[in-house]
Amino acid sequence: MNDARGGKPPLETTILWIAPPLAFTLAGKHVYISRTLFERLPSDDATAFVLAHEAAHHDLGHLDLYSAWANWLPRSDATGYLAALLGVMEHHRYGPEREAAADDYAVDLVLKAGFNGQLAVQALAILENLALDRGDVSGVFGPENLLDPTDPARNSAAYHVQRWVWTHMHGYLPLHERAANARKRVRDWKVQGVVM
Ligand SMILES: [Zn+2]
């Protein structure tokens, strides 16, 4: 998949033996995925999507924001050290706009690399299931008060302000929307007749 990234410095994937099912990246050349997430991904295509999302943060320059503090971190790839870093990473937010851009980039990258787009974006459905397993209903569907599609206030300024606040506090769009957006982007590629 590095080949599809247009000559950017290659990234390497490291599997971490840690409990939380997650993937993340840091300034440098490594993308990290936990064994627990890796095991839940049903196909190479879905795994590729998760890694491509992290590669996107490199390729779209999102890590530049953090390069200043990343320079303060010890230069070590030891798993124990990385596990200790997770506390920091949990509060490490790119923001919903950058996360949405990373999802779009990931779809493009996996398709360019020859993976099956529909299988790839199932990764987001897996993340939805993992979130629901831990009871994070709003992480999947968004905040409860914004869920009712018949709510007449849906197009009001208040709705949009609440949605903005929620997505910026979470750092992501609700997973359900991320999955729908990714599926749409895969369909749009097909419509345009791009070779998959
Ligand atoms: Zn991300």
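The values are calculated or read from the model by the stated rules, or taken from the named source; none is laboratory data. What you are looking at is a predicted structure, and each value in this text was computed from that prediction instead of being measured. Note that we place each Cβ from the backbone using ideal geometry, even for glycine, and neighbour counts take in every protein chain shown.
Filtering the stretch 106-121 to residues that are crowded, with 20+ Cβ neighbours inside 10 Å and either near the ligand (Cβ under 10 Å from one of its atoms) or over 12 Å from Ala52 (Cβ atoms) (or both) leaves only Ala106. Looking at the stretch 88-108, can you tell me whether even one residue there is at pLDDT below 75 and either assigned to a helix (DSSP H, G or I) or aromatic (Phe, Trp, Tyr) (or both)? Yes, because at least one residue in the stretch 88-108 is at pLDDT below 75 and either assigned to a helix (DSSP H, G or I) or aromatic (Phe, Trp, Tyr) (or both).
Within the stretch 16-41, the residues that satisfy the criterion of being without any contact (Cβ under 8 Å) to a residue 40 or more places away in the chain and either aromatic (Phe, Trp, Tyr) or part of a strand (DSSP E or B) (or both) are Ala23, Thr25, Val31, Ile33, Ser34, Phe38. None of Ser76, Ser67 is farther than 24 Å from Leu173 by Cα, out of contact with any Gly (no Cβ under 7 Å at 6 or more places or on another chain), at pLDDT below 90 and not in a loop (DSSP other than H, G, I, E, B) except Ser67.
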